[in-house]
Amino acid sequence: MKVGKVERKNDILLGPIERPVLNFLAKHMPDWVNSDMLTVLGILGSALTLVSGIMAGRTGGPYRNPWILVLCLGFVINWFGDSLDGTLARYRHKERPNFGYFIDHSVDGFTAVCMFFGFGFAGMSSLLVAAFGAIGYLLMMITVYLKTHVTGVFEMTTIKIGPTELRVLAIIFSLVHYFLQPAPVRLPFAGGEGIKLGTLLVGVIAAILFIYYVVETIRVGRRLAIEDGKRLEQRLAKEAKAAEKEMKKMEKELKKSSKKANGKNALGDISRIS
């Protein structure tokens with residue numbers, strides 16, 4: 001399916017604020033800046049979040065660590081490049097829908113990996129749980145893109161939460177660990193020392209993403225099974241009707257051929273008698 005024919009749904013919570021800002025930036029962007037540059041800038045922002053997380057983990061953890069502020073800056077840079085590249089292309093009427101769709105969302109996968117592993121390496125979350133968060137996010141992305149292919153509708157948001165809202169939440173999550181030292185949460189399965197608040201939050205997000213993947217796979221799968229079943233019945237009925245029509249045509253031709261053969265035999269009998 002070509003992306004140019006896809007219906008886009010982007011009803012995000014911050015849309016009324018974000019869209020005017022992006023349109024303003026696109027209108028005042030220098031001529032020498034193009035969409036590809038912004039895409040690369042977004043990738044660099046994602047990489048910066050991962051590198052900053054690693055450095056924060058190696059220099060004492062997230063509390064009062066300046067690398068966490070650099071990590072937050074990485075999210076801002078990623079938002080600027082990733083959100084503005086498509087807006088700039090549309091403003092200048094230089095859209096490349098298939099190329100843009102493919103590159104933009106391939107980069108989104110890289111961004112998700114950088115974000116979750118950045119949290120893990122920085123010590124804001126268990127690295128293992130952060131890995132599950134990244135896997136859940138990638139599964140969610142796969143579901144969204146497969147739905148786009150089979151339904152023709154690209155749902156860019158889920159319950160009004162899109163990439164922009166996720167970046168804001170990630171920045172808040174990071175700043176909480178920068179300014180505070182959240183006490184461990186004591187749970188029955190967490191042992192005597194408890195579990196990090198960040199690990200718990202990332203774990204909950206990972207669980208939600210996995211549930212979304214399973215529920216949407218079942219829901220959309222059932223819908224497609226019904227739709228394909230109806231199309232299959234229609235096709236089989238059409239094929240049966242065409243086969244019946246062809247059979248009647250063959251029977252008609254056979255009867256016509258039989259009449260001609262009988263006529264020739266009758267003429268032969270008459271000629272022999274005479």
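The values are calculated or read from the model by the stated rules, or taken from the named source; none is laboratory data. Treat the numbers as computed from the prediction; the structure is a model and nothing was measured. Glycine also receives a Cβ, built like all others from the backbone with ideal geometry; neighbour counts cover every protein chain displayed. Each accessible area value is taken on the protein alone, full model and side chains, heavy atoms only, with ligands, DNA and RNA left out. Shrake-Rupley method; radii C 1.70, N 1.55, O 1.52, S 1.80 Å.
Axis of helix 35-58 versus longest Cα principal axis of the chain: the two differ by about 50°, to the nearest ten degrees.
Per-atom-type breakdown for the chain gives carbon and sulfur 68% of the accessible area (1.4 Å probe, protein chains only). Take segment 64-190 with all the other protein chains still there, run a 1.4 Å probe, and you get 49 Å² of accessible area per residue.
Here is how the number arises for the chain: DSSP H runs of 4 or more residues each give -39500 (n - 2.57), the sum is divided by the residue count, and the result at 222 nm is -27500 deg cm²/dmol. Electrostatic tally near Glu246: other residues with Cβ closer than 11 Å to its Cβ, Lys and Arg +1, Asp and Glu -1, net +1. Using a cutoff of 8 angstrom between alpha carbon atoms and counting only pairs six or more residues apart, the relative contact order for the chain works out to 22 percent. Angle between the Cα long axis of helix 163-179 and the longest principal axis of the chain, 0 to 90 degrees, nearest 10? Taking Cα atoms only, the helix is inclined about 20 degrees.
Here the chain is treated with +1 on each Lys and Arg Cβ and -1 on each Asp and Glu Cβ, and its dipole about the Cα centre works out to around 1760 debye.
If you line up the long axis of helix 15-27 against the longest principal axis of the chain, both from Cα atoms, how many degrees apart are they, to the nearest 10? Between the helix axis and the principal axis of the chain, the angle is about 90 degrees. Residues of segment 195-234 with an amide N closer than 13 Å to a point placed 7 Å from the Cα of Ile161 along the Cα-to-Cβ direction: 201-213. Dipole orientation for the chain: of the candidates Val107, Phe121, Leu139, Leu139 has the Cα lying most toward the positive pole (charges on Cβ; Lys, Arg +1; Asp, Glu -1). Taking the charge dipole of the chain about its Cα centre, with +1 at Lys and Arg Cβ atoms and -1 at Asp and Glu Cβ atoms, the residue from Val51, Ser83, Tyr212 reaching farthest to the positive side is Tyr212. Remark: relative contact order (segment 27-139) = 34 percent; criterion is Cα-Cα distance under 8 angstrom and separation of 6 or more residues. Here's how it looks for Val185: its modeled amide H is under 5 Å from those of Ile195, Lys196, Leu197, which are all 5 or more places away or on a different chain.
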